[in-house]
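J.: This structure is in structure tokens; I'll ask about it shortly.
The values are calculated or read from the model by the stated rules, or taken from the named source; none is laboratory data. Quick caveat, the model's predicted, so the values are computed rather than measured. A quick note on method: Cβ atoms are made from the backbone with ideal geometry, for glycine too, and the neighbour counts reach across all protein chains shown.
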Amino acid sequence: MVQVTELGYMGIGVKSLTDWKRYAADILALEVVDGDTPGRCYLRADNWHHRIVVDEDGTDDLNYLGFRVAGGEEFLEMKRQLEDAGIRVQMASSEEASQRHVLELMKLADPSGVPIEVFHGPHSQPNKPFHPGRRMHGRFITGDGGLGHTMLTQTVGWEKTYAFYRHLGMRGGVDYRFPVPGKSPFEAMFMSCNSRDHTLAWAFPGTKRINHLMLQYNEFDDVGLTYEIIQQNQIQMGITHGRHANDGMYSFYFLNPSGWMNEVGWGGRDANYQSEYHERDTYGHDPVKPAQKAAE
Ligand code: FE
């Protein structure tokens, strides 16, 4: 079975490009690069041409996720694998692929309707080293683990969602089973495709496709610095500092200008390839009520 190797990029829609450019550079420390069309900018986290495409289309939501396969052979094999599973795949034109700065691209949708792209050959620019939007102690951890992880909302249940992403070669399951007094437990599902503990997760229902995007630092002090910066800029916290039981990440969450959350973390452990579940985090990670409500 051919497998996607990483979450390579994502596209997001925003109401205000100006607000997002400022937020991306000054709060998240991403590098902002002007887009080739009006109303678009690119966000860099490493030497790739971009990791996030920001379009001023008013949606304030996720537009698409881009998953990488190793090369041209795997790309064709993935197309066969998806079609054999009865999943409709649309091959993108070479113009569309070059617009995404990849060699080849196909488009599909997950069972909840989230647009998914599978590509190979991202545009890598070692001649243009990553230049953070503000000071950092270290760098973002991307590499083999891809951009980071994202939590999506889903409308069709675990089984269909899991089966779809299994056809992309991802694996995982329920990592959390939170006890709810008098009711069945509340479950959260996580899937991985590389050394990163998880690349995709689902827990909360929501009006947006995306709940949060996690970016990982290699230096603990960047978690502290970002915390200080969001306090100074009166950015609304979403979830307090804590350590996740499943990926071991020390992290916290805050709201971006589109009303969904960014998580910044440090110290995560690798994927363990055997299922286990938790009833709570190691410590911390308390929801901050108004923000949590706004994000759901
Ligand atoms: Fe997360």
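J.: Being loosely packed, with under 15 Cβ neighbours inside 10 Å and under 26 Å from Thr226 (Cα atoms), is that true of even one residue in segment 107-127?
T.: no
Here is a yes/no grid of residues against (1) of a type in the set (A, V, I, L, M); (2) touching a strand residue (DSSP E or B) at 6+ places or on another chain (Cβ under 9 Å); (3) crowded, with 21+ Cβ neighbours inside 10 Å:
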| residue | (1), (2), (3) |
| --- | --- |
| Met10 | yes, yes, yes |
| Gly13 | no, yes, no |
| Leu28 | yes, yes, yes |
| Arg40 | no, yes, no |
| Arg51 | no, yes, yes |
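J.: Could you tell me whether any residue of segment 227-244 is part of a strand (DSSP E or B), more than 15 Å from the ligand (Cβ to nearest atom) and surrounded by fewer than 22 Cβ atoms within 10 Å (Cβ to Cβ)? Break it down into steps so the answer makes sense when it comes.
T.: Taking segment 227-244 first, the residues part of a strand (DSSP E or B) are 237-243.
Next cut, more than 15 Å from the ligand (Cβ to nearest atom) only: none.
Within segment 227-244, not a single residue is part of a strand (DSSP E or B), more than 15 Å from the ligand (Cβ to nearest atom) and surrounded by fewer than 22 Cβ atoms within 10 Å (Cβ to Cβ).
J.: Just a yes or no: is a residue in segment 201-212 away from the ligand (no atom under 14 Å from the Cβ) and either assigned by TED's automatic domain parsing to the domain that holds Ser16 or crowded, with 22+ Cβ neighbours inside 10 Å (or both)? Lay out the reasoning, then the answer.
T.: Narrowing segment 201-212 to residues away from the ligand (no atom under 14 Å from the Cβ): 205-209.
From what is left, the residues that are either assigned by TED's automatic domain parsing to the domain that holds Ser16 or crowded, with 22+ Cβ neighbours inside 10 Å (or both) are 209.
Taking every residue of segment 201-212 in turn, at least one turns out to be away from the ligand (no atom under 14 Å from the Cβ) and either assigned by TED's automatic domain parsing to the domain that holds Ser16 or crowded, with 22+ Cβ neighbours inside 10 Å (or both).
J.: Answer yes or no as to whether Met78 is surrounded by fewer than 19 Cβ atoms within 10 Å (Cβ to Cβ) and of a type outside the set (Asp, Glu). Walk me through how you get there before you give the answer.
T.: Numbers: surrounded by fewer than 19 Cβ atoms within 10 Å (Cβ to Cβ): no; of a type outside the set (Asp, Glu): yes.
No, not satisfied.
J.: Do you know which residues across segment 144-185 are under 17 Å from Gly268 (Cα atoms), surrounded by 13 or more Cβ atoms within 10 Å (Cβ to Cβ), touching a Ser or Thr at 6+ places or on another chain (Cβ under 9 Å) and of a type outside the set (Ser, Thr, Tyr)? First the steps, then the outcome.
T.: Filtering segment 144-185 for residues under 17 Å from Gly268 (Cα atoms) gives 144-151, 172, 175-176.
So of that shortlist, the ones also surrounded by 13 or more Cβ atoms within 10 Å (Cβ to Cβ) come out as 145-151, 172, 175-176.
Add one more test, that the residue is touching a Ser or Thr at 6+ places or on another chain (Cβ under 9 Å), and what stays is 145-150, 172, 175.
Correct list: Gly145, Gly146, Leu147, Gly148, His149, Gly172, Asp175.
J.: I'd like to verify a number: residues in segment 22-55 that are assigned to a loop (DSSP other than H, G, I, E, B) and over 18 Å from Ile210 (Cβ atoms), how many? If you could, list the steps in order and put the result at the bottom.
T.: Quick first cut of segment 22-55, residues assigned to a loop (DSSP other than H, G, I, E, B) only: 28-30, 35-39, 45-47, 49-51.
Next, only the ones that are over 18 Å from Ile210 (Cβ atoms) stay: 29, 35-39, 46-47, 49.
Looking only at that region, the number is 9.
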